[in-house]
Ligand code: FDA
């Protein structure tokens, strides 16, 4: 079957395009991925010793307020009523996060009303009032005051960036949310939950169409295989969701990313921490947080004598590492503009997804932007002959 459309990358962006083009336009779509599984970073698998679903590339919580995206994803999966909450350890004590009235009252050993807490934080933030902070440390103090900033933000951020916040640009944070209620729901979105049968079942249903062919373990830049850059670009329209700098052979330089190392451990206990995510906010603990995936699905009958935990260590990515979060320095932004010009000039190739646009995208954003690209560019091209650019 010859392809009408080639999609490089089987993450949520690529699969949304493939599914729409196959289902609505009846196109034959070939999807390739260099990994040996579909789903991109949202891929999950059953851990053999415990039977617990583990998100291989880090914890993935689905949430959205976009009705279009919510309607679309519900075609492929139902969602549990999981509500995400995060706790943080500081000086051996556990606090609810994000910082809320519960955190403040526990931290200051007080029973402030919302108005009193607001006045206290405003007073503490006043230490740097009227200044124009040039680094993240000063910005943090100016936003929420020194005590809370130093307890919950300073060292966690330092570990995430492997850099003292005094040496990080103030622009990394524009606001630090403080809630003056006891609400510690992590997300504010209308819809939230986890796919009832897991991410991989959801993703497989998106790809399950007679017109969609998925070829795994296939790199677009491997010219020895038929669906390579050299063999397809110019012959078949391509939706490319791999790294934009790689596509142009790093002509404008490498874009920088942060990555995470996951240290997995199976423990002979039914419950290690009583919740899915605990952050470690102090400098002495080298990891940023511990994920315990069994708590993502309290409705499942997982075995009760074993659990699995994942400690996360954050660092700058080197060539060959998984790129997770764009660093987005000024130099990166200049390179990205140059890559965008090159991408625009590339006829019949559209760049999308987090790697193709060098943007951190939540799943609902990747799906939403793929639906827009489909409606605004792909459909008009195949139905009305408009140029694909
Ligand atoms: P994605 O990276 O998933 O897919 C791209 C695919 O292209 C990959 O499968 C890759 O192998 C393939 N590819 C690349 N180059 C190729 C080449 N040369 N040839 C062939 N294939 C190639 N979101 C959210 O909503 N809630 C959450 O809790 C989280 N949590 C989270 C944690 C961590 C640690 C990260 C890094 C990310 C999240 N996310 C998230 C974001 C989520 O992972 C993201 O929205 C999706 O992965 C985006 O899907 P894409 O299709 O854009 O990229």
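The values are calculated or read from the model by the stated rules, or taken from the named source; none is laboratory data. Since the structure is predicted, the reported quantities are computational estimates derived from the model, not experimental observations. Here Cβ is always computed from backbone atoms with ideal geometry, including for glycine, and neighbour counts include all displayed protein chains.
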> Out of 192, 204, which single residue is in a helix (DSSP H, G or I) and in contact (Cβ under 8 Å) with a residue 12 or more places away in the chain?
Replying inline: 204
> Within the group 24, 19, which residue is touching a residue at least 24 places away in the same chain (Cβ under 8 Å), away from the ligand (no atom under 15 Å from the Cβ) and either crowded, with 17+ Cβ neighbours inside 10 Å or not in a strand (DSSP E or B) (or both)?
Replying inline: 24
> Can you tell me which residue in the range 223-262 is farthest from the ligand (Cβ to nearest atom), limited to those that are surrounded by fewer than 14 Cβ atoms within 10 Å (Cβ to Cβ) and over 24 Å from residue 19 (Cα atoms)?
Replying inline: 253
> Can residue 40 be described as surrounded by 15 or more Cβ atoms within 10 Å (Cβ to Cβ) and out of contact with any strand residue (DSSP E or B) (no Cβ under 9 Å at 6 or more places or on another chain)?
Replying inline: yes
>> If I go through the range 290-303 residue by residue, how many of them are in contact (Cβ under 8 Å) with a residue 40 or more places away in the chain and either in a helix (DSSP H, G or I) or surrounded by 16 or more Cβ atoms within 10 Å (Cβ to Cβ) (or both)?
In response: 6
> Tell me, which strands (runs of 3 or more DSSP E) wholly within the range 39-140 include 2 or more residues that are over 18 Å from residue 294 (Cβ atoms)?
Replying inline: 62-64, 86-90, 93-97
> Consider residue 205 against the criteria (1) in contact with a strand residue (DSSP E or B) (Cβ under 9 Å, 6 or more places away or on another chain); (2) over 30 Å from residue 149 (Cβ atoms); (3) surrounded by fewer than 19 Cβ atoms within 10 Å (Cβ to Cβ): it satisfies all of them except one. Which criterion is unmet?
Replying inline: (1)
> Can you name the residue in the range 328-360 that is under 30 Å from residue 263 (Cα atoms) and more than 13 Å from the ligand (Cβ to nearest atom) and is also surrounded by the fewest Cβ atoms within 10 Å (Cβ to Cβ) among such residues?
Replying inline: 329
> Given (1) within 16 Å of the ligand (Cβ to nearest atom); (2) crowded, with 19+ Cβ neighbours inside 10 Å; (3) over 29 Å from residue 330 (Cα atoms), where does residue 185 come up short, assuming only one miss?
Replying inline: (2)
>> For the condition over 30 Å from residue 386 (Cβ atoms), touching a helix residue (DSSP H, G or I) at 6+ places or on another chain (Cβ under 7 Å) and modelled with pLDDT of 95 or more, what is the one hit in 269, 307, 241?
In response: 307
> For residue 370, are the conditions met, namely being part of a helix (DSSP H, G or I) and either away from the ligand (no atom under 12 Å from the Cβ) or within 16 Å of the chain's Cα centre (by Cα) (or both)?
Replying inline: yes
